[in-house]
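Q: I have a structure I would like to understand better, so I am pasting it below and will then ask my questions one at a time.
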Amino acid sequence: MRPSILFPLFASITSLKGIGPRLGPLYKRLCGEHIVDLLWHLPSGVIDRSYRPELKYADRDRVATLILKIVEHNPPRTPKLPYRIVGVDEADQQVVINYFNAKGDYLSKLYPTNKKVAVSGFLERYRANWNMNHPDYVVPEEKISEIPRFEPVYPLTEGLSGKMLRKTIEQAVSKASDLPEWHDLHLLKREAWKGWKESLLAAHNPQFPDSNIDSKERRRLAYDELLADQLALAVIRRHHRAGSGRATPGTGALRSKLASSLPFKLTAGQEQAIGEIAGDMKAPRRMLRLLQGDVGSGKTIVALMAMLQAAESGAQAALMAPTEILAKQHHARISEFLKPLGIEIGLLIGKGRGTERQAVLDGLKDGSLQLVVGTHALFQDEVAFKDLALAVVDEQHRFGVNERLRLSDKGKGVDILVMTATPIPRTLTLTAYGDMDVSHLPDKPAGRQPIDTRLVNMERLDEVIEGVKRQITGGAQAYWVCPLVQESESLDLAAATDRADLLAAKLGAAHVGLVHGQMPAEARDRVMAAFLAGSIKLLVATTVIEVGVDVPNASLMIVEHAERFGLSQLHQLRGRVGRGAMKSNCLLVYQAPLGAVAKARLTMLRETEDGFRIAEEDLRLRGPGEMLGTRQSGLQEFRMADLAAHQDLLAMAHDDAKVILNNDSDLNSARGKALRVLLYLFERDAAVPLLRAG
C-alpha cells in the first residue's frame with residue numbers, strides 16, 4: 001500500500017477541475033490516468049517570449065511580445081480575406097495583426113480602438129510591413145505580466161490544446177507535496193541540485209530559453225527515476241541471490257565429449273562464456289546471467305554446454321523458446337549435437353496430446369529425461385520436473401519476467417540463463433537486464449559467410465525482382481520484408497499482402513509465401529515450415545521474421561523501405577541470411593530522397609556487420625524506445641530520463657543502488673523510508689516489500 005503522502009498524486013486526473021468524462025480519456029491516451037502522470041509529462045521545448053523589441057530594430061521571423069496602441073480595424077470584404085487590425089508602438093511603427101475566419105465583434109472587444117494591448121506571437125515581414133498572424137496572447141497593457149516570458153511546450157494529442165494542457169498541469173503541480181529527501185546531501189551539493197518539488201516546479205516553469213533535458217532540474221528528476229529503477233533491480237537481484245541455491249559442478253565428461261565431437265572449434269568468446277556460466281553453476285548461489293551474442297555468434301552451443309553441466313550433476317535442464325518453430329529448430333540442432341553422446345532431448349510445445357507428449361511429461365517427472373526444449377508450454381501446471389536445475393530462456397524480450405520466474409519455480413534453486421541475439425548497448429543492458437550478470441559473444445564462428453549489403457533506390461524495383469527470379473531459379477531462397485501488413489491510406493509504404501500478390505504473379509504463386517503478425521500462429525508456422533523445407537522459395541514477411549528460423553539455403557534478404565526501419569532491426573533482418581555455404585546478399589531498398597538520419601543509418605549498415613557497434617549508433621540516432629521497436633517486456637519505460645542523453649546518470653544510479661543496499665544504516669534510517677517513497681512514486685513498488693522495514 002502506498003504511503004498516504006502520495007495519495008493526492010495517485011488520484012485520478014478526472015478529479016482535477018474541468019476534466020470530466022470527455023477529456024479524461026484524452027489525458028489517459030496522452031500520458032496516463034493519474035495526477036502523477038501529468039507531473040511526469042515534461043515540456044519538450046520552450047517558447048521564448050522575452051524578446052520585446054522596438055519595431056524599428058526588431059528581428060524578423062521570431063516570437064516577439066509587443067505593446068501596441070490599436071488604431072484601426074479592417075473587416076474583410078470577402079470571406080477568404082483576413083480580418084486586419086493595425087497597431088502602432090511608441091515610435092509609431094505599424095504592425096498588421098491578421099485573423100482568418102474570426103468574428104468581428106469578438107475582435108473589437110479583444111482589440112479596443114485607441115487602447116493599448118500586449119500581444120505575443122510570431123513577428124514577420126510581408127511587403128515591407130510587419131505582420132503577426134493570430135497572436136498567441138492578447139491582454140490589456142497592464143496585464144502584460146500574464147504573458148509568460150518562457151512558455152513550456154508539451155507533447156499533445158488530438159483534442160487537447162497547449163493552453164488547456166498547461167492549465168491542467170498547473171493544477172497537478174499544485175498537488176505535489178514536499179516529499180522526504182531520498183538523496184545523499186553530499187550528492188545534492190556536488191551536483192547543485194534542488195529538492196524534488198522545487199526541481200519539478202522549475203522543470204514545468206522554465207525561466208531560460210535553453211531550458212532543456214540537460215538543465216539541472218531535468219537531470220535531478222531523471223536521476224530520481226533512474227535510481228528508482230536501478231534500486232528496484234538491485235533489490236530483485238539480491239532477493240534472487242538470497243534464495244536458496246545449489247551447486248551443479250558437473251563432472252566435465254559430457255562437455256568434453258561434446259567439444260571433441262564438434263565439427264568446428266569453439267571461439268575464444270564462446271570458451272570465456274562457457275567458463276563464466278560454469279563458474280556460476282558451481283557456486284552454491286543461484287545464477288542469473290544474460291548471454292548476449294550477435295546473430296550467428298554461437299549462443300546455442302554455449303547454452304548446451306550449460307545444460308550438459310546440469311545433466312552431469314544428475315539434474316535436469318530446460319530451454320524455452322518464444323515460438324514453436326524456433327523450439328523445433330533448437331530441438332533438431334541440439335539433437336544432432338547430442339548423437340555422439342547418446343543422450344536424448346525432449347520437445348514440449350503447445351500442440352499435441354498424444355503418447356509422444358505424454359512420454360516427455362513422464363520422463364521429466366521421473367527424471368529419465370534430463371534435457372528438454374519447449375515453448376511457454378514448459379511452465380504449464382501439468383509439467384513437473386523431478387529436479388530442474390537450469391532454465392535457459394531464448395530471446396528474453398519475447399517473454400515477460402513472470403514467465404521466466406514461473407519456469408524457475410519448477411525446481412529448487414534453479415539457475416537462469418537468458419539469451420538474446422539483439423545487441424544491446426551497455427546503457428540499455430543496465431535497464432533491461434540490470435539484475436543479471438552479463439556474458440558477451442563478440443565474435444562469430446569460423447566459416448560464417450560475410451553478407452554483401454547494398455543500397456538500392458526504389459526506382460530500380462523491377463531490377464530487384466528480376467534478380468530475385470535469377471536467385472530462386474538457381475536454387476537459392478530469399479526473404480522480402482515489408483514495413484506494413486496491408487496498404488495504408490496515410491502511409492505510402494509497401495504492404496506485405498500487396499507485394500506478395502505482385503511477386504506471386506511474376507515468380508509463380510507456388511514459389512511465394514506470406515507471413516505477418518496478424519496471421520493465426522498455426523498458419524504462420526505452416527508457411528515458415530514450408531520455407532524451411534524448401535518448397536517455398538521466396539518468403540514475403542513483415543518483421544515477424546526478425547527472430548526466426550535458421551534457413552541455410554536462404555542467401556538473399558530484401559528489405560523494402562529500409563529507411564523506415566531502425567539500425568538494430570535491419571541488422572537482425574540481415575542476420576537471417578549468411579547461414580550456409582552460399583555467398584549472401586542484403587539489398588536495402590529505399591525511397592529517395594533520404595533524410596540525414598536515415599542516410600546515416602543505412603550507410604552504417606553497409607559499412608559494418610558488428611552488431612554492438614550498430615546498436616550503440618542506433619541508440620545515439622533514435623533513442624531507446626524506437627531502437628527496440630514496440631515496448632519490450634524486459635525494458636523499463638522511462639518518463640523523465642532519456643537513456644541516450646543521461647548515460648552518465650544511469651552509471652551513477654547503478655553504482656549508488658549497490659552502495660545503498662550494502663549499507664544497512666541507509667535502509668533502517670529516515671532515508672530508507674524516503675527511498676521506499678521514491679520506489680512507489682515511480683511505480684517500482686514490486687521491489688518495496690523486499691526492502692527491509694525501517
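Q: Taking the stretch 39-77, which residues are in a loop (DSSP other than H, G, I, E, B), open to solvent by 60 Å² or more (accessible area, probe 1.4 Å) and of a type outside the set (Gly, Ala, Ser)? Write out each step before concluding.
A: As a first pass, look at the stretch 39-77 and keep what is in a loop (DSSP other than H, G, I, E, B): 40-44, 49-54, 58-61, 75-77.
From the residues that got through so far, the ones that are open to solvent by 60 Å² or more (accessible area, probe 1.4 Å) too are 44, 52, 54, 59-61, 75, 77.
Within the stretch 39-77, Arg52, Glu54, Asp59, Arg60, Asp61, Pro75, Arg77 meet the criteria.
Q: How about the stretch 351-383: which of its residues are within 21 Å of Thr323 (Cα to Cα) and open to solvent by 30 Å² or more (accessible area, probe 1.4 Å)?
A: Lys351, Gly352, Arg353, Gly354, Glu356, Gln358, His376, Gln380, Asp381, Glu382, listed by residue number.
Q: Let me ask something additional. Suppose we filter the stretch 200-235 for residues that are open to solvent by 10 Å² or more (accessible area, probe 1.4 Å) and assigned to a loop (DSSP other than H, G, I, E, B); how many remain?
A: Looking only at that region, the number is 10.
Q: Any residue in the stretch 247-259 that is closer than 11 Å to Ala389 by Cβ and among the hydrophobic types (A, V, I, L, M, F, W, C) sitting within a Cβ distance under 6 Å of a residue that is part of a loop (DSSP other than H, G, I, E, B) and open to solvent by 50 Å² or more (accessible area, probe 1.4 Å)? List the pairs, counting only those 6 or more apart or interchain.
A: Sorted first by the residue in the stretch 247-259, then by its partner, the pairs are Ala247/Pro284.
Q: Could you list, in sequence order, the residues of the stretch 591-611 that are assigned to a helix (DSSP H, G or I), open to solvent by 50 Å² or more (accessible area, probe 1.4 Å) and not charged (D, E, K, R)? Reasoning before the result, please.
A: Initially, the stretch 591-611 is screened for residues assigned to a helix (DSSP H, G or I), giving 596-607, 611.
Now narrow it down to the ones that are open to solvent by 50 Å² or more (accessible area, probe 1.4 Å): 596-597, 599, 606-607.
Ala596, Val597, listed by residue number.
Q: Related question: Checking Ser535 against (1) hydroxyl-bearing (Ser, Thr, Tyr); (2) surrounded by fewer than 19 Cβ atoms within 10 Å (Cβ to Cβ); (3) in a strand (DSSP E or B), which test does it fail?
A: It is condition (3) that Ser535 fails.
Q: From (1) open to solvent by less than 50 Å² (accessible area, probe 1.4 Å); (2) outside any helix (DSSP H, G or I); (3) modelled with pLDDT of 90 or more, pick out the condition that doesn't hold for Ser177.
A: (3)
Q: Do we find a residue being touching a Ser or Thr at 6+ places or on another chain (Cβ under 8 Å), open to solvent by less than 50 Å² (accessible area, probe 1.4 Å), under 15 Å from Pro43 (Cα atoms) and not in a helix (DSSP H, G or I) anywhere in the stretch 154-170? Talk me through it step by step, then tell me what you get.
A: Going residue by residue through the stretch 154-170, those that are touching a Ser or Thr at 6+ places or on another chain (Cβ under 8 Å) are 154-155.
Narrowing the set further to residues that are open to solvent by less than 50 Å² (accessible area, probe 1.4 Å) leaves 154.
Cutting the leftovers down to under 15 Å from Pro43 (Cα atoms) gives us 154.
Narrowing the set further to residues that are not in a helix (DSSP H, G or I) leaves 154.
The answer is yes, given that some residue of the stretch 154-170 is touching a Ser or Thr at 6+ places or on another chain (Cβ under 8 Å), open to solvent by less than 50 Å² (accessible area, probe 1.4 Å), under 15 Å from Pro43 (Cα atoms) and not in a helix (DSSP H, G or I).
Q: Something else: Quick one: what pairs do we get from the stretch 108-122, first residue open to solvent by less than 80 Å² (accessible area, probe 1.4 Å), second assigned to a loop (DSSP other than H, G, I, E, B) and aromatic (Phe, Trp, Tyr), C-beta under 9 Å, 6+ apart or different chains?
A: The qualifying pairs are Val117/Tyr111; Val119/Tyr111.
Q: Quick test for you: out of Ala318, Ala278, Ala310, pick the one residue that is surrounded by fewer than 24 Cβ atoms within 10 Å (Cβ to Cβ) and at pLDDT 90 or above. Before the answer, list the steps.
A: On the way: Ala318 fails: surrounded by fewer than 24 Cβ atoms within 10 Å (Cβ to Cβ); Ala310 fails: surrounded by fewer than 24 Cβ atoms within 10 Å (Cβ to Cβ).
Among Ala318, Ala278, Ala310, only Ala278 is surrounded by fewer than 24 Cβ atoms within 10 Å (Cβ to Cβ) and at pLDDT 90 or above.
Q: In addition: Do you know which residues across the stretch 1-31 are surrounded by fewer than 17 Cβ atoms within 10 Å (Cβ to Cβ) and touching a residue at least 60 places away in the same chain (Cβ under 8 Å)?
A: The initial filter retains those residues of the stretch 1-31 that are surrounded by fewer than 17 Cβ atoms within 10 Å (Cβ to Cβ), namely 1-8, 10-12, 14-15, 17-18, 20-22, 24-25, 28-29.
If the condition is that a residue be surrounded by fewer than 17 Cβ atoms within 10 Å (Cβ to Cβ) and touching a residue at least 60 places away in the same chain (Cβ under 8 Å), then Arg2, Pro3, Ile5, Leu6, Pro8, Ala11, Lys17, Gly18, Arg29 are the ones that fit.
Q: Next up: Regarding Glu626, is this residue at pLDDT below 75, out of contact with any His (no Cβ under 8 Å at 6 or more places or on another chain) and part of a helix (DSSP H, G or I)?
A: On the way: at pLDDT below 75: yes; out of contact with any His (no Cβ under 8 Å at 6 or more places or on another chain): yes; part of a helix (DSSP H, G or I): yes.
So Glu626 passes the test.
Q: Would you pick out the residues in the stretch 321-342 that are open to solvent by less than 50 Å² (accessible area, probe 1.4 Å) and hydrophobic (A, V, I, L, M, F, W, C)? Don't jump to the end; show me each part of the working.
A: So in the stretch 321-342, the residues open to solvent by less than 50 Å² (accessible area, probe 1.4 Å) come out as 321-327, 329-331, 334-335, 337-338, 341.
Selection gives Ala321, Ile325, Leu326, Ala327, Ile334, Phe337, Leu338, Leu341.
Q: I would also like to ask the following. Can you tell me how many residues within the stretch 78-98 are open to solvent by less than 60 Å² (accessible area, probe 1.4 Å), of a type outside the set (A, V, I, L, M, F, W, C) and in a strand (DSSP E or B)?
A: Going through the stretch 78-98 one residue at a time, the tally reaches 3.
Q: May I ask you to list the residues in the stretch 123-138 that are crowded, with 18+ Cβ neighbours inside 10 Å and either out of contact with any strand residue (DSSP E or B) (no Cβ under 9 Å at 6 or more places or on another chain) or in a strand (DSSP E or B) (or both)?
A: Matches in the stretch 123-138: Leu123, Trp130, Asn131, Met132, Tyr137, Val138.
The values are calculated or read from the model by the stated rules, or taken from the named source; none is laboratory data. Bear in mind that the values here come from a model prediction, so they are computed numbers and not experimental data. All Cβ positions, even for glycine, are placed from backbone atoms using ideal geometry, and neighbour counts span all protein chains on display. Accessible surface is based on the protein model in full, side chains and every heavy atom, while ligands, DNA and RNA are left aside. Shrake-Rupley method; radii C 1.70, N 1.55, O 1.52, S 1.80 Å.
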